[in-house]
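Please read the structure below before turning to the comments.
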Amino acid sequence: MKSSNFMTIPILSLLLVMLSCSQEDSFDSLNGTIPKSSGIETASASDTIKTPPNLANYFPFSISENNNPFLITVEIESPQLFPKYATFFEKYQYSGNGYCWEGHIKQILETLKPELLQHIRFDPEAGAFFATADTKENQILFVTLLSPIFSDLKKLEEYVKKADHSRIDD
């Protein structure tokens, strides 16, 4: 009898795997996505939501690949970013630290999509910009709106020139 109990567990496990694999539209293991038609809104950290290829690059922003928290970062003091942005912000009498980025981002979002601000929590530091969104969709919206501006210094300059300097804590 012990030998039959020993075999029951692996057989049941195999059956469960086969059943889960036979369900269409539950999880696409080839690309790690959960189809929208599944009704599942979020995935676990191991089942990350993939972004379309045209949205994969959010320079200079980085986003977390897991779903909680929906982190947005900019490593301001990195060798790739510091020379470019330090020089740019100094030109307009800003320090260019994380608090400076927060102030500019808030003012830019007030112009572009003010309702998004209620879904973002800012937590900058001197050497980096950090924020978290309340959903993956708001995280993607944040970087999709701001990346084209911050990756093009001419576009960023348009906003920085109009910014209220008294609202920038740097």
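The values are calculated or read from the model by the stated rules, or taken from the named source; none is laboratory data. Note that the structure is predicted; figures quoted are calculated from it, not measured. Cβ placement follows ideal geometry from the backbone for every residue including glycine, while neighbour counts extend to all protein chains displayed. These area figures cover heavy atoms from the full protein model, side chains too; ligands, DNA and RNA do not enter into them. Shrake-Rupley method; radii C 1.70, N 1.55, O 1.52, S 1.80 Å.
Residue pairs whose Cβ atoms lie under 9 Å apart, sitting 6 or more positions apart in sequence or on different chains, and linking a residue in segment 91-102 that is on the phi > 0 side of the Ramachandran plot to a partner that is among the hydrophobic types (A, V, I, L, M, F, W, C), are Gly96/Ile76; Gly96/Phe82; Gly96/Ala86; Gly96/Phe88; Gly96/Phe89. Within this structure, Phe130 passes the test of being at pLDDT 95 or above, touching a Pro at 6+ places or on another chain (Cβ under 9 Å) and either surrounded by 13 or more Cβ atoms within 10 Å (Cβ to Cβ) or within 22 Å of Phe89 (Cα to Cα) (or both). Has segment 152-163 got at least one residue that is open to solvent by less than 60 Å² (accessible area, probe 1.4 Å), of a type in the set (A, V, I, L, M) and within 19 Å of the chain's Cα centre (by Cα)? Checked against the condition, which is being open to solvent by less than 60 Å² (accessible area, probe 1.4 Å), of a type in the set (A, V, I, L, M) and within 19 Å of the chain's Cα centre (by Cα), segment 152-163 yields no hits at all. Residues in segment 129-144 that are of a type outside the set (A, V, I, L, M) and within 12 Å of Leu109 (Cα to Cα): 2 in all.
Tell me, please, whether a residue that is surrounded by fewer than 13 Cβ atoms within 10 Å (Cβ to Cβ) and part of a helix (DSSP H, G or I) can be found in segment 60-77. Outline the logic, then answer.
The first filter runs over segment 60-77 and keeps only residues surrounded by fewer than 13 Cβ atoms within 10 Å (Cβ to Cβ), leaving 65, 68.
Cutting the leftovers down to part of a helix (DSSP H, G or I) gives us none.
Within segment 60-77, not a single residue is surrounded by fewer than 13 Cβ atoms within 10 Å (Cβ to Cβ) and part of a helix (DSSP H, G or I).
Could you check segment 69-88 and list, in sequence order, the residues that are polar (S, T, N, Q) and within 10 Å of the chain's Cα centre (by Cα)? Passing the criteria: only Thr73.
Tell me whether segment 49-59 contains one or more residues that are crowded, with 16+ Cβ neighbours inside 10 Å and modelled with pLDDT of 95 or more. Walk me through how you get there before you give the answer.
Pass one, segment 49-59, residues crowded, with 16+ Cβ neighbours inside 10 Å: 49, 51, 58.
Then keep just the ones that are modelled with pLDDT of 95 or more; that gives 58.
Among the residues of segment 49-59, at least one is crowded, with 16+ Cβ neighbours inside 10 Å and modelled with pLDDT of 95 or more, which makes the answer yes.
Only one of (1) part of a loop (DSSP other than H, G, I, E, B); (2) surrounded by 16 or more Cβ atoms within 10 Å (Cβ to Cβ) fails for Ile105. Which number is that? Evaluating Ile105 over (1) part of a loop (DSSP other than H, G, I, E, B); (2) surrounded by 16 or more Cβ atoms within 10 Å (Cβ to Cβ) leaves (1) as the failure. A count restricted to segment 109-136 and to residues that are outside any helix (DSSP H, G or I) and under 12 Å from the mean Cα position of the chain (by Cα) stands at 7.
For Gln139, state whether it is open to solvent by less than 40 Å² (accessible area, probe 1.4 Å) and within 18 Å of the chain's Cα centre (by Cα). It is true that Gln139 is open to solvent by less than 40 Å² (accessible area, probe 1.4 Å) and within 18 Å of the chain's Cα centre (by Cα).
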